[in-house]
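Structure first, commentary second.
The values are calculated or read from the model by the stated rules, or taken from the named source; none is laboratory data. Just so you know, these numbers come straight off a predicted model, no measurement behind them. All Cβ positions, even for glycine, are placed from backbone atoms using ideal geometry, and neighbour counts span all protein chains on display.
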Amino acid sequence: MRKVADCRDYPSEMNCTLTIAGEEQEVVRAAAEHAASVHGHTDSPELREEIRKGLKDEVPQHA
Ligand SMILES: [Zn+2]
């Protein structure tokens, strides 16, 4: 089961629409790097834990 991090789920003044999908560790790492580089967050264990808690299961589109 892949996990999804959707930037639209997080408050942002940028109206960012990025969606990242993949294995949990991949998504957490990519989302943390995205949050740091695009949204100015500090990439920290706390940020990664917040991202991990916000992950959703990917919904198959052609099940
Ligand atoms: Zn974003």
(request) Take the stretch 13-30 and flag every residue that is surrounded by 11 or more Cβ atoms within 10 Å (Cβ to Cβ) and not aliphatic (A, V, I, L, M). (result) C16, T19, G22, E23, E24, Q25, E26, R29
(message) Restricting to the stretch 1-34, name every residue that is in contact (Cβ under 8 Å) with a residue 12 or more places away in the chain, within 14 Å of the ligand (Cβ to nearest atom), among the charged types (D, E, K, R) and under 14 Å from R48 (Cβ atoms).
(response) none
(message) I'd like the full set of residues that are assigned to a helix (DSSP H, G or I) and either of a type outside the set (G, A, S) or over 15 Å from C7 (Cα atoms) (or both), limited to the stretch 49-63.
(response) E49, E50, I51, R52, K53
(request) Mind counting the residues in the stretch 26-63 that are polar (S, T, N, Q) and in contact with a strand residue (DSSP E or B) (Cβ under 9 Å, 6 or more places away or on another chain)? (result) 0
(message) Go through (1) in a loop (DSSP other than H, G, I, E, B); (2) modelled with pLDDT of 95 or more; (3) closer than 22 Å to Q61 by Cα for D43 and report which single condition fails.
(response) (3)
(request) Would you point out the residue of the stretch 20-40, among those that are modelled with pLDDT of 95 or more and not in a helix (DSSP H, G or I), that is nearest to the chain's Cα centre (by Cα)? (result) I20
(request) Being over 11 Å from the mean Cα position of the chain (by Cα) and within 14 Å of the ligand (Cβ to nearest atom) is the filter here, so list the residues in the stretch 41-52 that pass it. (result) H41, D43
